[in-house]
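Participant: Take this structure first; my questions come after.
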Amino acid sequence: MNTGPRHPRFGSHRIRFLTIAGAVSIAVAATALLGGFRPQLYSVTPDEPGDQRSELVTTQIVGIRTFERPGGITVDENVEYGTQADGAVLTLDVCSPAITPAAETTLEAAPPVVLSSEDAAAALRPAVISIHGGSWARGDKGNSDWRAVCAWLASEGFVAYSVNYRMVPDAVFPAALDDVALAVEWVRDPVNAQTHGIDPDRIGVFGGSAGGNLAALLGTRGSGSLTTGARVAAVAELSAPLDLSHKALVTGRAPAGLQNIVRDYVGCETLRDCANATAASPASTLDRSDPPVFLGSSTDEYIPLSQATGYAAALERSGVAHELVTVPGTLHSIGILDATMREKVAAFLHTTLGE
C-alpha cells in the first residue's frame, strides 16, 4: 500500500476552474504551461454554508458563544494576504480594538506630537493570528463562532487576524501550514504592520482543533529569533491534535474517525512510516528557541487528552515555557473557551506578548 503523500484532489466543490475546450490537446496545454500559463485563481472559502460552520457542532450556548461583543470593534473583511502557486487566493479578516471616546477626543483636540522611537513603539499593539478548526477540511474565518473569537481578541487589546487557508481535499499538508506561515509574514510586513498599528515583534497565534495544530506548528517552524519571517512569539491552542504518528493514533487507539481525518490531512493511505504525519506533529521540530505555549483541553473529548499532556511533556524536555489547562467534560475546542478559559488564555497572551 502506498504510504507516500497523495496528490491534492482538485475538482472539489471549492475549486472553480475554467473549462478547456475538448479540442485543446495535452501537448498544447503543456506548451502553455512552459510559456508562463497561470493557474485559474480560486477562493479557499467553502462554497456550501454547511462547510463553513465551526467545529463547535453543538447548538448549546457554551464556550465562545457566551462572549458578548462590546461596541466599537471594527472588522475589515476579506483582506487578501497572498496567492499560492496553485491559484489559491488567501484572505483574512482584521478585528481592531475600539478607540475609547476619551482617546478620540484627545486625538481631535491635541496638536500634532512627534513621538520618540521608543514611545512610538510603545503605542503599537500586539497582534494575534486566529486559525479556525474543522478537521482541516471545513470551517471559515467568518462563521459566527470564529468571528466571536476575533472580536474577543480585539476586546483584549490585540489586533486580531482571522485567516482562511487551503483545506482537504483540495490540498494536503503542508499546504495549510504554508498558508498560515504566509499570513504571519504578511502581518509582519512593515507596510501592513504600520497600516494596522501593530508591533511586528509581538505576533502571537491562537487556534482551535485543527487550527490548534497549525498554531502549534507555527511555533516550531524555523528556529532562533521570534521576530523575523514566519516566527511567532506566543502560541495558544485548544483541543489540538499534536502527535499524528501511527504510535499515538493507531497503537494508542485514538478514535477511528480521527485517524481517518489525519490520514486525509497528511495525504497518506496509512500513518505507518508516513513522513507527512511526522512533519505535521510539532514535537518533531521543537527546540529550545521556540515560543511559550498555552494548551487547553477537555478531559473526555474527541481529541485524546494524551495529545495535550504528551506535547506538554515534550515542551518540558525541550525547555520551552508552557501552561496546560484541562477542564472536565467533553466540549471541544472553542467550546471550552468560556469566560474562565478566556481569562486564562488572555492572561497568557498579555504576559507573553505584552500589553
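Participant: Restricting to the stretch 211-234, and then to whatever is touching a Leu at 6+ places or on another chain (Cβ under 9 Å) and β-branched (Val, Ile, Thr), can you tell me which residue is nearest to Pro200 (Cα to Cα)?
Facilitator: So, considering only residues that are touching a Leu at 6+ places or on another chain (Cβ under 9 Å) and β-branched (Val, Ile, Thr), the one nearest to Pro200 (Cα to Cα) is Val232.
Participant: Among the residues of the stretch 142-161, is any surrounded by fewer than 23 Cβ atoms within 10 Å (Cβ to Cβ), more than 15 Å from the chain's Cα centre (by Cα) and of a type in the set (Ser, Thr, Tyr)?
Facilitator: Yes, that holds for at least one residue.
Participant: Please work out which one of (1) in contact with a Phe, Trp or Tyr (Cβ under 9 Å, 6 or more places away or on another chain); (2) within 29 Å of Ile99 (Cα to Cα); (3) assigned to a helix (DSSP H, G or I); (4) of a type in the set (D, E, K, R) is the condition Asp145 fails and give its number.
Facilitator: (1)
Participant: Checking Gly82 against (1) under 22 Å from Ser155 (Cα atoms); (2) part of a strand (DSSP E or B), which single condition isn't satisfied?
Facilitator: (1)
Participant: So, one more: Residue by residue through the stretch 342-355, note down the ones that are in contact with a strand residue (DSSP E or B) (Cβ under 8 Å, 6 or more places away or on another chain) and buried (at least 19 other Cβ atoms within 10 Å of the Cβ).
Facilitator: Matches in the stretch 342-355: Val345, Phe348, Leu349, Thr352, Leu353.
Participant: For the stretch 305-322, indicate whether the set of residues that are among the polar types (S, T, N, Q), assigned to a loop (DSSP other than H, G, I, E, B) and touching a residue at least 12 places away in the same chain (Cβ under 8 Å) is non-empty. Before the answer, list the steps.
Facilitator: As a first pass, look at the stretch 305-322 and keep what is among the polar types (S, T, N, Q): 306-307, 309, 318.
Subset that is assigned to a loop (DSSP other than H, G, I, E, B): none.
No; the residues of the stretch 305-322 include none that is among the polar types (S, T, N, Q), assigned to a loop (DSSP other than H, G, I, E, B) and touching a residue at least 12 places away in the same chain (Cβ under 8 Å).
Participant: Do you know which residues across the stretch 184-227 are closer than 24 Å to Ala347 by Cα, in contact with a Gly (Cβ under 9 Å, 6 or more places away or on another chain) and in a helix (DSSP H, G or I)?
Facilitator: Once the filter is applied, which keeps residues that are closer than 24 Å to Ala347 by Cα, in contact with a Gly (Cβ under 9 Å, 6 or more places away or on another chain) and in a helix (DSSP H, G or I), the stretch 184-227 yields Val184, Arg188, Ala210, Gly211, Gly212, Asn213, Leu214, Ala215, Ala216, Leu218.
Participant: Looking at Asp290, Asp300, can you tell me which residue is modelled with pLDDT of 95 or more, out of contact with any His (no Cβ under 9 Å at 6 or more places or on another chain), among the acidic types (Asp, Glu) and buried (at least 20 other Cβ atoms within 10 Å of the Cβ)? Steps first, please.
Facilitator: On the way: Asp300 fails: buried (at least 20 other Cβ atoms within 10 Å of the Cβ).
Checking each option against the conditions leaves just Asp290.
Participant: Taking Ala314 and the conditions (1) over 16 Å from Gly208 (Cβ atoms); (2) in contact with a strand residue (DSSP E or B) (Cβ under 8 Å, 6 or more places away or on another chain), which numbered condition does it fall short on, given that it satisfies the others?
Facilitator: Tallying (1) over 16 Å from Gly208 (Cβ atoms); (2) in contact with a strand residue (DSSP E or B) (Cβ under 8 Å, 6 or more places away or on another chain), Ala314 fails exactly one: (2).
Participant: Among all residue pairs at least 6 apart or on different chains, which show Cβ distances below 9 Å where the first residue, located in the stretch 234-260, is more than 16 Å from Ser297 (Cβ to Cβ) and β-branched (Val, Ile, Thr) and the second is at pLDDT 95 or above and surrounded by fewer than 24 Cβ atoms within 10 Å (Cβ to Cβ)?
Facilitator: Pairs found: Val250/Gln259; Val250/Thr270; Val250/Leu271; Val250/Arg272; Thr251/Ser245.
Participant: Search the stretch 336-355 for residues being within 19 Å of Gly133 (Cα to Cα) and not in a helix (DSSP H, G or I), and hand back the single one that is farthest from the chain's Cα centre (by Cα).
Facilitator: Asp338
The values are calculated or read from the model by the stated rules, or taken from the named source; none is laboratory data. These numbers come from a predicted model, not from an experiment. Cβ: placed from backbone, ideal geometry, glycine included. Neighbour counts: every protein chain shown.
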